[in-house]
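Quick notes on the structure that follows.
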Amino acid sequence: MNRNFWLNDRISDFQFSLPHSLEQNQAMSFTLPRIAKVRQNQPRPSVKDIAGTVRRLIHESRISQRVPSGGRIAVGVGSRGIHCIQVVARATVDALKELGYKPFIKAAMGSHGGATEAGQLELLSAYGITPEKMGVEVRASMETLEVGTSHIGLPIYFDKEAHEADGIVCLNRIKPHTDFRADFESGILKMMVIGFGKQRGAEQIHKLGLRGMKEVLPSVGSFLLQNTKFALGLAILENVDDYPAEIVALEPEEVLEIEPKLLNKVRELMGRLPFDQIDVLVVGEIGKNYSGAGMDPNVIGRLMVETQPDFERPLVTRLVILDVSDESHGNVVGVGFADLATHRIVEKMDPVPFRINVITSCFLERARMPITLPTDQEVLEVSVQTSWRLTPDQVRMVIIPNSLELNTIYVSEAMRADVEAGPYLSLESGFEPIPIDSEGFLNQEKMFPESVRGRRCAVFAGHQS
């Protein structure tokens, strides 16, 4: 089916919104709350020399006891938007070369990138992981081997090229998962099981839903640590700026014991929204570069997993999304978190990677389409109108660029007391009208110039001049 025809067909389906959109209500006066800029000033521990730290950790590790001199080492890199991944990957490659090894980069991202070699290479390239910048081959073959059977009788799959190498090094951040709570969430173990499992391995874990993630994943991970050439893990712990607060080397025998402790440490470091209740939460962009779920449930308070309750905080009445990041390449996973969205979310959707990602995850609730409207202004107006508040000035509104970058946020006047009571919060401006242009779109670049979107547009503007 022609993709443009498919999208046009879907857009016509979703444009029911309100009867005749807002055209019947032109006589009504819509007012949006005024907003002010707020800064979150949480402690920010950070690694001063990322490349130097990575090289030191590898040189001080026991990798030489596991991989023979001159051996080929597969360096696993995933699809998450890790801020420093290009620096970490290049430093890893350089350190392994210094030790006499022959490293190559291997895509370890399960079914992402449309579950194709080209798609996964494209994702890595977007993060600066290319042969030219890494100085080694970058591979993304989807071929796997069946290396064992899990305790519940399902096959265990593992990347063929990595399995045939003389050693495996995993580069990944430790982070609370978007789908569940357990001792092992996003980290080294998950990369071994799902990342290197490619699409077939990911399906075996996800097909049992939460049981697969909580029970089968650790069991399969333990098996793979003992039955593959896993030689070292570099765990990245990020601060609220998404910058490394700490990098920890994990030897094979240390992963099962130390990774849960690192996960607990990260829970204290990560950025969150410091409010218990929000009437309208506006998210500028969703995207795979911000969270595997498009938006991080730990931030927005909505888990949206079948049979499971949402988180206790923040409690959000209306959740709005305005756009999807370019880095997501049309994968709008997470759109189902929202109550309202713009038409351009659907216009940018590439149904193939979106469908593959959602079906592989087995969490279908997050793929449901919200009500969509043509412009940001219409979406914001309807969110305020349906926020269960009598007047706009009573609406507790929060605007964020995405669920990852939370140092700068905007809040409405009804949130002033919350900001003044917050230990790490400070008002950076007075309360002013929401900056919406003449065509009805929010000026996200002006509001969040330091965000991924702001930097992306600045680069584009520079190329145009």
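Bear in mind that the values in this text are calculations on the coordinates, not laboratory data. On a predicted model such as this, the values are computed, not experimentally measured, just so you know. Backbone-built Cβ (ideal geometry, glycine too); neighbour counts: all protein chains shown.
See the values below:
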| quantity | calculated |
| --- | --- |
| Backbone HN-Hα couplings from phi across the range 398-410 [Karplus 6.51/-1.76/1.60, Hz, Gly and Pro as x] | 10, 10, 10, x, 6, 8, 9, 9, 10, 5, 10, 9, 10 |
| 20 Å Cα cut-off, lysine pairs counted over the range 50-269 (separation 8 or more, or different chains) | 29 |
| Given charges at Cβ of Lys, Arg, Asp, Glu: the chain dipole, positive-most of 46, 99, 206 | 99 |
| Packing-based order for 248-255, 186-193, using average beta carbon neighbours within 10 Å, highest first | 186-193, 248-255 |
| The chain - share of DSSP beta bridges that are antiparallel (%, nearest 5) | 40 |
| Point-to-point label distance, residue 417-residue 458, nm (Cα→Cβ direction, 7 Å offset) | 3.8 |
| Antiparallel DSSP beta bridges within the range 50-269, percent to nearest 5 | 40 |
| Convex hull (Cα only) mean projected area of the chain, reported in nm² to one decimal | 22.8 |
| Estimated vicinal HN-Hα couplings, Hz - the range 108-118 in sequence order (Karplus 6.51, -1.76, 1.60; Gly, Pro = x) | 10, 9, x, 9, 5, x, x, 6, 10, 4, 5 |
| Cα gyration tensor shape for the range 50-269, rounded if a/c is under 1.5, else prolate or oblate | rounded |
| In sequence order, calculated HN-Hα J values of the range 377-389 (Karplus, 6.51, -1.76, 1.60; Hz; x Gly/Pro) | 4, 5, 4, 5, 4, 5, 5, 5, 4, 10, 7, 6, 10 |
| Burial order of peptide ranges 157-167, 318-328 (average beta-carbon count within 10 Å, highest first) | 318-328, 157-167 |
| Alpha-carbon centroids, the range 291-318 and the range 201-255: separation in whole Å | 23 |
| Cross-link reach list, lysines versus residue 348, counting only Cα pairs under 25 Å and skipping chain neighbours closer than eight places | 288, 446 |
| Mean Cβ count within 10 Å, highest first, over the residues of peptides 266-274, 378-386, 331-339 | 331-339, 378-386, 266-274 |
